[in-house]
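The block underneath contains the structure these notes are about, expressed in C-alpha cells.
Rule-based calculations on the coordinates, nothing more; no lab input. For clarity, every value in this text was computed on a predicted model and none was experimentally measured. Methodologically, a virtual Cβ is constructed for each residue, glycine included, from the backbone with ideal geometry; neighbour enumeration extends over all protein chains shown.
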Amino acid sequence: MNPEICVYAGSFDPVTSGHLDIIRRGAAVFPKLIVAVLRNPAKKGTFSVEERLSMLARSCSDIPNVVFDSFDGLLVDYMRKVDAGVILRGLRAVSDFENEFQMAQLNRQMNPQVETFFLMTSPEHAYLSSSAVREIAMFGGDVSGFVPAAVLDEVTQKLRK
Ligand code: ADP
C-alpha cells in the first residue's frame, strides 16, 4: 500500500465548499489524492454518480494532483485495488466523531496497512452538509456560499421545484 496515495471517499451529493476545503488541504499534504464517489445501490441519491463526478472535477480544475473515480463495495477493497495507503476524512462536529471512530477502527481491522487521517473542518464549514444544501436549494434559498462557484447553476437548477 502506497502512503503517498490518499483516498477521500464519500457521497458528494452534491460537492460542497466543505468538501472542497478538505480536498484542497489534503492535496497540499499528499502527493496524490483520489476523490472517490461511492456507488450505493441502496441510496439512489439526488444527483447521478456521473453528475457528482463532473461537478467535483469542475470544482477542482486548478488542483493538479487530484483525480476522480467511483467505487462500490468496501472502501478497504477499493484501497487495495488502487494501492492507496491513506483514507482521508473530514470532521465537522463532535457528532461526526462516533461514526468516524467506528469506521476507522473497522477499516483498520480489515486492513492494518491502511491508515485513516482526519482533517478538522474550517469553522466556516462546520455546519455544512450536502443534505443541508439540497434542502436549502429545494426551497429556493441561495446556496452560493455553500457550494463551489463552478457548480452553483447545476445545483440550483436541478433542485429548484
Ligand atoms: P458520507 O456519505 O460518507 O457522509 P459525504 O459526502 O457527506 O459522505 O462526506 C464525505 C466526507 O467529507 C466525510 O468524511 C465527511 O465528514 C466530510 N465532510 C462533509 N462535509 C464536510 C464539511 N463541511 N467540513 C469538513 N468535512 C466535511
Subset of segment 1-47, residues more than 17 Å from Thr156 (Cβ to Cβ) and hydroxyl-bearing (Ser, Thr, Tyr), comes to Tyr8, Ser11
For segment 121-131, the count of residues that are more than 9 Å from the ligand (Cβ to nearest atom) and surrounded by 14 or more Cβ atoms within 10 Å (Cβ to Cβ) equals 0
Per the list (1) more than 15 Å from the ligand (Cβ to nearest atom); (2) within 25 Å of Ala84 (Cα to Cα), residue check on Ala104 breaks on (1)
For segment 50-61, pairs from a residue that is among the acidic types (Asp, Glu) to a residue that is not in a helix (DSSP H, G or I), with Cβ under 8 Å and 6 or more apart or across chains, are Glu51/Pro14
Here the residues within segment 117-143 that are over 14 Å from the mean Cα position of the chain (by Cα) and β-branched (Val, Ile, Thr) are Val133, Ile136, Val143
If we ask which residues in segment 40-64 are in contact with a strand residue (DSSP E or B) (Cβ under 7 Å, 6 or more places away or on another chain) and either over 12 Å from Gly10 (Cα atoms) or exposed (fewer than 15 other Cβ atoms within 10 Å of the Cβ) (or both), their number turns out to be 2
